[in-house]
There are 2 protein chains.
Amino acid sequence: MKQITIGIDIGGTNSVIGVVDKQGIVISHDSVLTANYKTAELFVEECVKVISNLLKTIPEKSELIGIGIGAPNGNYYKGTIEFAPNLKWKGIIEFVNLFKSHFDVPTFLTNDANAAALGELIYGGAKGMKDFIVITLGTGLGSGFVVNGNLVYGHDGFAGELGHTIVFPDTGRQCGCGRKGCLETYCSATGIVRTVIELLEESDEDSELRAYKKEKITSKLIAEAAQRGDVLANSAFDYTAKILGMKLADTVAITSPEAIFLFGGLAQSGDLILKPTKNYMEKYMLPIFKNKVKLLHSSLEGASAAILGASALVWSEVKI
Amino acid sequence: MKQITIGIDIGGTNSVIGVVDKQGIVISHDSVLTANYKTAELFVEECVKVISNLLKTIPEKSELIGIGIGAPNGNYYKGTIEFAPNLKWKGIIEFVNLFKSHFDVPTFLTNDANAAALGELIYGGAKGMKDFIVITLGTGLGSGFVVNGNLVYGHDGFAGELGHTIVFPDTGRQCGCGRKGCLETYCSATGIVRTVIELLEESDEDSELRAYKKEKITSKLIAEAAQRGDVLANSAFDYTAKILGMKLADTVAITSPEAIFLFGGLAQSGDLILKPTKNYMEKYMLPIFKNKVKLLHSSLEGASAAILGASALVWSEVKI
């Protein structure tokens, strides 16, 4: 009998749902507009309808072995989403319980960066690795740490918040968490936009990005300008890479991974971010770790990456 | 039959060796002057003699189940001591193999901070905890991370170098590792001495520490002065605690421990270091971790702490 899983990635605007087999093939998928549902209960009811339809499309004699959910501020131990700033639903939501009342299969939940790390472990470039880190460079900076072959959840299920380690204490950029100077305010898709806006304001450097209103500048536009040789855009990549490289060197000193994978929006600028980050990481690396740690592009980029990550949570939990 | 272990802590000047039972009782112990032995082979021969004598003192019908060694730059996977700056023996030393030719029992080696963490887990305040960190504040700053109940060795066996994460990149204090601004140049017994010397040079503040030649100032003298209300000495503790507290908050965001234990020379200044560090740690903590993580004194202080840590490595490895 063919075994399948459901992977659900909850985003602030849109959520994606897919049926995934052990080889990482997304057999069928659909989406639900998260922002349209006032309560988590209504959202889950819609997800249940979508899943029921998706399950009609799968081959006969398939067995659904579990549901995996990746969500912002997802807590693995409790199956909850807690105080997620990008979701309408406030407070602590018993998300796994909402699903369990509809499906009689094991259901697991973790945050999106942890799901990305499990996706890399089960289907991607980290297959066979025991110690690695996935860094997601999206709106924020997320991270999933795998140590001794297991995801690090920590005592309370919220481990892996590398994006909220502090680069410039007291004086740095305001972060959404309420503090100042967090890594994600510099090294993320929104962080590099803030850097470009600062550079545009503080320098006279000519740049094609001056043609845009500030609120229209995106990390994609910055990457395209940098590719065309725009000096200011390249300076922004260099600054981002320097801070990220330094923090990755610090992180290597703590968990000594075999590899670090870059994933998500800003990572899609490819070697523009990866190469200088690698150079700075090596520059700031403790000598015993120099030239030992691979810095790699995630092998799960693309539309189905988030679904794969969420579904990987099931394969990593259910012994089959 | 009573089961016993041998714990060996290798120090730059002096090494201590003890026979330890499962309850953490040091049945007998002795020491060897490390610095007197030109080669690791000669040192190990002396250790073997000492161990043989110690084993004569133990109760009859005892069974030696293993030897645990804590050593600077010790590599758990390879059983080696690699390029330890404080030891005379240069390069990579196959330390476990040297012992194995003398004793037919499992022999394990790790660095001293990892040994301290295992000591805390097996005999100390971390009994029953699955996620915690031990910070050793001695000549340098060492750290041992326990995640999911297991020590984090990382891909190459050198994980846990929190002392070499960077506080002030490029501009900070020169570190023995060759880089600048490492945490241990600020937060360690020698780090606080450097802070006091800077404060003495840069300020006109009256201080009883002005009575000493610079090279005679120790963290113990600073602690005593601070206890007596010396303002400059207290400023040095505050500065040390601020940097340590910030870095511990960063570290919590990564591995989300239940507790952090402070161990070693500077930690013996007790609440002088612990209380302000706790305050700064909470100040800089990501909101979801605030007031969740215990900052505690190690329960293994004292002469036998290093022996206990090394012996704990055996109990954590050998299933009995």
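Every number in this text was worked out from the coordinates using simple rules, so none of it is lab data. As the structure is a prediction and not an experimental result, all values here were calculated from the model. All Cβ positions, even for glycine, are placed from backbone atoms using ideal geometry, and neighbour counts span all protein chains on display.
Using θ = phi - 60° in the Karplus curve 6.51 cos²θ - 1.76 cosθ + 1.60, the 3J(HN,Hα) couplings for the range B:35-48 round to 5, 7, 10, 5, 10, 5, 4, 5, 4, 5, 4, 5, 4, 4 Hz; x is entered for Gly and Pro. The range B:45-92 and the range A:127-188 have Cα centres separated by 38 Å. Just checking the listed ones, B:Ile69, B:Ile254, B:Ile307: in the Gaussian network model of chain B with Cα springs under 10 Å, the one fluctuating most is B:Ile254. Here the spin labels are modelled as points 7 Å beyond Cα on the Cα-Cβ line, and at B:Glu202 and B:Lys130 they lie 4.4 nm apart.
Residues in the range B:142-149 carry Karplus couplings, in order, of x, 8, x, 9, 10, 10, 6, x Hz; the curve used is 6.51 cos²θ - 1.76 cosθ + 1.60 with θ = phi - 60°, and Gly or Pro positions show x. For helix A:189-202, what angle does its Cα long axis make with the longest principal axis of chain A, in degrees from 0 to 90 and rounded to 10? The angle comes out at about 20 degrees. For the range B:29-135, lysine pairs separated by 8 or more sequence positions, or belonging to different chains, with Cα-Cα distances below 22 Å total 13. Ordering A:198-205, A:187-194, A:310-317 by mean Cβ neighbour count within 10 Å, with the highest value first, yields A:310-317, A:187-194, A:198-205. Ranked by the mean number of other Cβ atoms within 10 Å of their residues, highest first, the peptides B:50-56, B:75-81 fall in the order B:75-81, B:50-56.
Estimated purely from DSSP H runs of n ≥ 4, each contributing -39500 (n - 2.57), the mean residue ellipticity at 222 nm for chain B is -11000 deg cm²/dmol once divided by its residues. Between the Cα long axis of helix A:112-122 and the first principal axis of chain A there is an angle of about 70°, rounded to the nearest 10.
Backbone phi angles across the range A:248-259, fed through the Karplus curve with coefficients 6.51, -1.76 and 1.60 (θ = phi - 60°), yield HN-Hα couplings of 5, 4, 4, 5, 4, 4, 7, 10, 6, x, 6, 8 Hz in residue order; Gly and Pro are listed as x.
Ordering A:277-286, A:243-252 by mean Cβ neighbour count within 10 Å, with the highest value first, yields A:243-252, A:277-286.
Working from Cα pairs under 8 Å separated by at least six residues, relative contact order for the range A:132-297 is 24 percent. FRET efficiency for the B:Lys88 to A:Asn279 pair, using the beta carbon distance and R₀ = 41 Å, is estimated at 0.70. Of all the options B:Ser143, B:Ser298, B:Ser28, the one that moves most in a Gaussian network model of chain B with Cα springs shorter than 10 angstrom is B:Ser28. R0 = 22 Å: FRET efficiency of B:Lys294 with B:Arg173, Cβ-based, nearest 0.05? So, using R0 = 22 Å, E works out to roughly 0.15. By the compact-protein rule of thumb, 2.2 N^0.38 Å, the alpha-carbon radius of gyration of the protein assembly as shown corresponds to a ratio of 1.03.
Averaged over peptide B:160-169, the number of partner chain Cβ atoms lying within 10 Å of each residue's Cβ comes to 6.
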